[in-house]
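Inspection log for the structure reproduced underneath, given as structure tokens.
Derivation of every value follows stated rules applied to the coordinates shown; laboratory data play no part. In this text, all values refer to a predicted model and were calculated from it rather than measured experimentally. Every residue, glycine among them, receives a Cβ derived from its backbone with ideal geometry; neighbour counts consider all protein chains shown.
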Amino acid sequence: MSHILEIVYLIGSISFVLGLKMMGQPDTARKGNAVAAFGMGVSVLGTLFIGETGFSVIPHIGLILSAISLGVVVGTVMAKRVQMTAMPEMVSLFNGMGGLCAALISMIEWRALSGTGELQGLGFAHYLPVIAGLIIGTVSFVGSMVAWGKLNGSLGDFRFKGQQFINMMVLLAILVASGLTFVFLGADLSIMGFFGTLALSVVYGLLFVFPIGGADMPVVISLLNSFTGVAAACGGFLYHNNVMLMGGVLVGSAGTILTIVMCQAMNRSLTNVLIGAVGNSSSSGSGSSGGKGGSVREVQATDVAIMMKYASKVVIVPGYGLAVAQAQHVCHELESLLESEGVDVKYAIHPVAGRMPGHMNVLLAESNVSYDKLVEMEHINPEFGTTDTVLIVGANDVVNPAAKTDPASPIYGMPILDVDQSKQIVVLKRSMKSGYAGIDNELFFNPKCGMLFGDAKDSLQKLVNEIKAL
Amino acid sequence: MSEIIQFVGENINFIYLMVLMIFVGIELISHVPSVLHTPLMSGANAIHGVVLIGAIIVLGKAGNDDYLSLILGFLGVVVGTLNVVGGFVVTDRMLEMFKKKPKAPGSKS
């Protein structure tokens, strides 16, 4: 490989590290993304136009450029069109594409090498990245597609008894099949082993993600993200390509840490997320008067408007319902209206509110809510005692007292927002349907709690109008 | 076993690089405010799109009449590009919202 290309790859690698570093700080985050994109662009151009002996165009350049153009157009349109609320799905989808790409590379590489018998001579050092890229890439692709389907609601949870055992068996079978592929290189058994490995990886990807509850999808996506990083690093080993190796490993390790940090935010271990899937133990009894605490109290927008206008402190708890209803703008309108009436308004941000950590921050930032109004859980919790009204907009599991009181609850142990410390609670909700974890919320039966049913956006708009009319 | 030692020996520089990169990755992410978790995940997602380079290499090597490899390689480059471009654009859109806002109350809708 030419030295010029090596230098280009070095620039690319440095850009990735620098870009990721800058993305970790709010002020420089956007620039960091641009720096990483620059590194990517330089590396790709270098690969295309710098060959063994200086500047030379890679073979099949026409085909490659048309493939890239197609990817650029489709990718840009998809990324630009997607609603802010559907961002997590989109990330999952693009992650899957990366996994598929890694798997395809391995397939072609294996085909080319085993066809000529070349692979036998190259030995284990060459075989390992090929097969590892195939397995990890395929699992990541299939897993991401399932996660994508679950997030957009087209796929449900699916689990059966002894699933963990079956998963281990499949994993073992993958190792056996990939071992056979290597031992019998050149023979028919090797070809069978290869396709066996591919098929089993697909099965594993399905089994891996299907049982995990929708509420835990962000963690899974983050984990699959780091898988794809490792698959890319395999390509780096295969081609002795430094930028692929560095980029891949960087994402692999950063992704793993990010996954663990997310789990910590939910006060759960990674194993707990992956194995102890959030159950659907008590999805029955979601009628309007079920549960232990008697009936719920429905309130009218007028009452809530009065309650809030004459409060001195209001805390808004946003959740996924806010995102679904696209209610962030009207929510900000309500907030500034109350502020102009002299009410102290804050947002309580649970680490996993919405479908991704930071989802609510992104959404509210979109509607120009200022940073200092967004208060993280550990800082807002002590303030609930002095809060007059808590307005819960489409959040459910993150305010469910069962996480504290009911050891049998699947979300037991997750830190929650202590909204019941405040004087009044108002919940904006479409119906009494349970949240993503599929469990009832005792909070709604709390005598301090009033329910304002309806679409979050409509309800907030009504509140704004009522307050203006007062 | 000897094959594993051979593998390590042949790739020792890459293994050094890998180990150091793991530490860099851990160091970079450990102290990030949770506000930035989603954009960061998305940004990392775009960076592993570097796998695209592998797809370009493999497509460039494919024989002229090896149609299966050409087709799979073409697909590989398309999805790799999707990962890169989509990833960076989505991240940029998320981060765009974090920019400083000069204007005071009053919302656009």
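With all pairs of different C-alpha atoms in the average, the Kirkwood value for the hydrodynamic radius of the range A:297-469 is 15.7 Å.
Can you sort B:TYR67, A:TYR239, A:TYR310 so the residue with the fewest Cβ neighbours within 10 Å comes first? Provide the component values of the computation, followed by the final result.
Details: B:TYR67 10, A:TYR239 20, A:TYR310 13.
Least to most surrounded, the residues fall as B:TYR67, A:TYR310, A:TYR239.
In this label model, B:ASN64 and A:SER312 are separated by 8.5 nm, measuring between points 7 Å along each Cα→Cβ vector. Calculate the length of the line joining the C-alpha centroid of the range A:343-403 to that of the range A:2-72, in whole Å. Each part's Cα centre sits 39 Å from the other's. Relative to the longest principal axis of the Cα atoms of chain A, helix A:456-469 runs at roughly 40 degrees. Sparse packing (at most 10 other Cβ atoms within 10 Å of the Cβ) combined with a DSSP loop state is found for the following trypsin sites (Lys or Arg not before Pro) in the range A:369-465: A:LYS433.
Shielding value for A:51-63 is 3, the average number of Cβ atoms from other chains within 10 Å of each residue's Cβ. According to the Kirkwood relation over distinct C-alpha pairs, the hydrodynamic radius of the range A:85-274 is 17.0 Å. The simple spin-label model puts a point 7 Å past each Cα toward its Cβ; for A:ASP344 and A:PHE124 those points are separated by 6.6 nm. The ranking of B:LYS61, A:LYS80 from fewest to most other beta carbons within 10 Å of each one's beta carbon is A:LYS80, B:LYS61.
Take A:HIS240, B:HIS48, A:HIS332 and order them by how many other Cβ atoms sit within 10 Å, fewest up front. Before the final figure, lay out the partial values.
Working: A:HIS240 13, B:HIS48 37, A:HIS332 25.
Lowest to highest Cβ neighbour count: A:HIS240, A:HIS332, B:HIS48.
What the Cα convex hull of the range A:70-118 gives, in volume per residue, is 57 Å³.
For all pairs of alpha-carbon atoms in the range B:34-97, what percent lies in each bin of width 5 Å, listed from the first bin to the last filled one? Once binned at 5 Å, the Cα pair distances of the range B:34-97 give 4, 20, 22, 16, 12, 10, 7, 5, 3, 1, 0. Membrane-span-like helices of chain B, defined as complete DSSP H segments with a Cα extent of 24 Å or more along the helix axis and a mean Kyte hydropathy of at least 0.5, are identified as B:12-30, B:67-96. When DSSP assigns beta bridges and you keep just the ones with both residues in chain A, what percent turn out antiparallel, to the nearest 5? Once the DSSP bridges in chain A are tallied, antiparallel ones form about 10 percent.
Give the value in nm², to one decimal: projected area of the alpha carbon convex hull of the range A:1-81, averaged over all directions. Walk me through the numbers on the way to the answer.
Details: hull surface 24.4 nm².
The Cα convex hull of the range A:1-81, projected and averaged over all directions, gives 6.1 nm².
If you look at the Cα atoms of the protein assembly as shown, you get an Rg and a Dmax of 25.7, 84 Å. Note on A:225-231: average number of Cβ atoms from other chains within 10 Å of each residue's Cβ is 4.
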